[in-house]
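J.: Below are the structure tokens for one structure; questions will follow.
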Amino acid sequence: MEHAVDPLIWELSIFVLAIFVGYYVVWSVTPALHTPLMAITNAISSVIVVGALLAAGPEGFSIAKMFGIAAMTLAAVNIFGGFVVTQRMLAMFRGKKRPAAGGQKAH
Amino acid sequence: MSANLTALAYLVASVLFVLALRGLSSPTAARRGNMMGIAGMAIAVIATVVNPQIVSYEWIVAAIVVGGAIGTFIARKIEMSAMPQLVAGFHSLVGLAAVFVAAAAFNAPESFGILDEAGAIRLASRIEMALGAVIGAITFSGSIVAFAKLQELVSGNPVQFKGQHLLNLAIGVVIVVLVAMFTNEPVAQWFALFTVLAFVIGVLLIIPIGGADMPVVISMLNSYSGWAAAGIGFTLHNSALIVTGALVGSSGAILSYIMCRAMNRSFVSVILGGFGAESDGPKKAKSDKPVKAGSSEDAAFLLKNAGSVIIVPGYGMAVAQAQHVLAEAAHKLKAQGVRVRYAIHPVAGRMPGHMNVLLAEANVPYEDVQELEEINPDFSNTDVVIVIGANDVTNPAARSDPKSPIFGMPILDVDKAKTVLFIKRSLAPGYAGIDNELFYAPNTMMLFADAKKMMQDIAKEL
């Protein structure tokens, strides 16, 4: 090969390895927390907001900027909504040692 | 901020996202994990905003304020029983955002640094943005249909018509051809056409899938939203987006697999849909065998005299919002020295883990809530089982009748308990459209009532 490795190959390497990381990490998630898992994966997949920022950032007005602002808004709904609802759910998962406020008293 | 520093910031964000998912291995670590997820997102956003080409902030701030306020409001107000439709709704937003970002990248490639020396969009970038747009569009419209079914805006029944799969295949082929044409010559009409067709196929893919297959559908759409994000990540050469997309994509894929396995169905058969359609399955399988019906007093008497009780909740409990009064009754029993636990089938409810969240909402300690493999051996030495809003997941035909459509599906062995209390409105068959022989078993007592009403009456008697 006379040329340097295309950046695409590096990105592909990161992608494939990250799939393996995801595979092992997700299998270790307890089934009781599968709903919070979906809520949080939903929130973090909104990191797509970085693409929206690049499109919404330049001066002036263009079609791309409008798409960017629309994507920003959608992603913001998801980021805030996803993390807040995950937090709300996780706050409910209490063990026996720490009964939730207003709930039953430990006998 | 130099490009290297930005890339490092994205790496930190990616690591934090991995840790956020890792935290979900236990409820206590999960709360810390969520904070790491938030930190990762903040780092990714800040690292992008300080980029010198971002100079106009007013719209960005406005979008974050408006979107953030809407998201926070919804997340605070939503009922826990409505979590499946909320997640489906959120998936649709990720999908649409991916389409918009792809469209923006196509319209202003210079902002994304994806032009080659000749000033055209790079070949790889064309493929990547097309993939991001197509998967994003499928995620969007598919999630909208799933949302509508879960919210009962449309019927949850499978919608099928002749030549459905052939039509889907044809549209799929046309999309592939259009993407190839776009890759060859990136003009706006190809982009618009394959995006529109992807919206259409997203709808067509989800309409034949029935309500109780929703756990698979939601997991699958979760996976799609990840792949869409990864596609956009390749377009933007952004490692945080690629890593996150891969994590989310594999997470959704694993959940789909777990759900399919719990139903003993292949992924393909779920996708092709139609399961539980009124047209197929043995119709009117209802037998005229005698059933033993009981009252809340009978149930309370049995429960008070039991040493151990296992509660099996299903989607019906969520619909009736019976989790709070159920937990109250369980608490009264525990105070009287009865051992009470909950058994969760993986596909109980409309999304993975749905029942666990509802029970947690009702202040049930998570140690009391057990998974199928964990608790199944214990049914044979349990005095009373309460089945509330579940049906097919307890049907012994899955073990014994090779002709049954659910044969081979792992079930909760509630029939092995001394007494089974079955709270149900009627003897109507469950989602699979088959009769449950458990209704007629000598050790079963049917409690015909609304789940919430019946549990209230039982709780009063305890």
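J.: Looking at A:PRO36, A:PRO31 in this structure, which one is under 13 Å from the mean Cα position of the chain (by Cα), within 7 Å of another protein chain (Cβ to nearest Cβ), modelled with pLDDT of 90 or more and more than 15 Å from B:GLY71 (Cα to Cα)?
T.: A:PRO36
J.: A further question follows. Would you point out which residue out of B:GLY142, B:GLY132, B:GLY156, B:GLY71 is among the small types (Gly, Ala, Ser), facing chain A (nearest Cβ under 10 Å), in contact (Cβ under 8 Å) with a residue 12 or more places away in the chain and in contact with a Gly (Cβ under 9 Å, 6 or more places away or on another chain)?
T.: Just a single option satisfies the conditions, and that option is B:GLY132.
J.: Which pairs turn up if I take residues in segment A:71-84 that are at the interface with chain B (Cβ under 7 Å from one of its Cβ atoms) and closer than 13 Å to B:VAL87 by Cβ and look for partners that are outside any helix (DSSP H, G or I) and not hydroxyl-bearing (Ser, Thr, Tyr) with beta carbon separation below 9 Å, at least 6 apart in sequence or on another chain?
T.: A:GLY81/B:ILE78
J.: Separate question: Hey, among the residues in segment B:339-353 that are within 25 Å of B:ALA417 (Cα to Cα) and not hydrophobic (A, V, I, L, M, F, W, C), which one's nearest to the other protein chains (Cβ to nearest Cβ)?
T.: Top of the filtered list is B:GLY353.
J.: Among (1) in contact with a Cys (Cβ under 7 Å, 6 or more places away or on another chain); (2) part of a loop (DSSP other than H, G, I, E, B), where does B:ILE209 come up short?
T.: (1)
J.: I need every pair where a residue in segment A:10-34 that is surrounded by fewer than 13 Cβ atoms within 10 Å (Cβ to Cβ) has its Cβ under 7 Å from the Cβ of a residue that is hydrophobic (A, V, I, L, M, F, W, C), sequence separation at least 6 or different chains.
T.: If the second residue must be hydrophobic (A, V, I, L, M, F, W, C), the pairs left are A:TRP27/B:ILE254.
J.: Quick check on B:SER155: is it among the hydroxyl-bearing types (Ser, Thr, Tyr) and modelled with pLDDT under 95?
T.: Details: among the hydroxyl-bearing types (Ser, Thr, Tyr): yes; modelled with pLDDT under 95: yes.
Spelling it out, B:SER155 is indeed among the hydroxyl-bearing types (Ser, Thr, Tyr) and modelled with pLDDT under 95.
J.: Please identify the pairs in which a residue from segment B:224-245 that is more than 18 Å from A:GLY68 (Cα to Cα) and more than 7 Å from chain A (Cβ to nearest Cβ) has its Cβ atom under 6 Å from the Cβ atom of a residue that is β-branched (Val, Ile, Thr) and open to solvent by less than 10 Å² (accessible area, probe 1.4 Å), counting only partners at least 6 apart or on another chain.
T.: B:TYR224/B:THR139
J.: Anything in segment B:13-33 that is in contact (Cβ under 8 Å) with a residue 40 or more places away in the chain and not aliphatic (A, V, I, L, M)? List them, or say none.
T.: Those that are in contact (Cβ under 8 Å) with a residue 40 or more places away in the chain and not aliphatic (A, V, I, L, M): B:SER14, B:PHE17, B:PRO27.
The values are calculated or read from the model by the stated rules, or taken from the named source; none is laboratory data. Not measured: the values here are computed from a predicted model. Here the Cβ is made from the backbone with ideal geometry for all residues, glycine too, and neighbour counts use every protein chain on show. Accessible surface areas use protein heavy atoms only, side chains included; no ligands, DNA or RNA. Shrake-Rupley method; radii C 1.70, N 1.55, O 1.52, S 1.80 Å.
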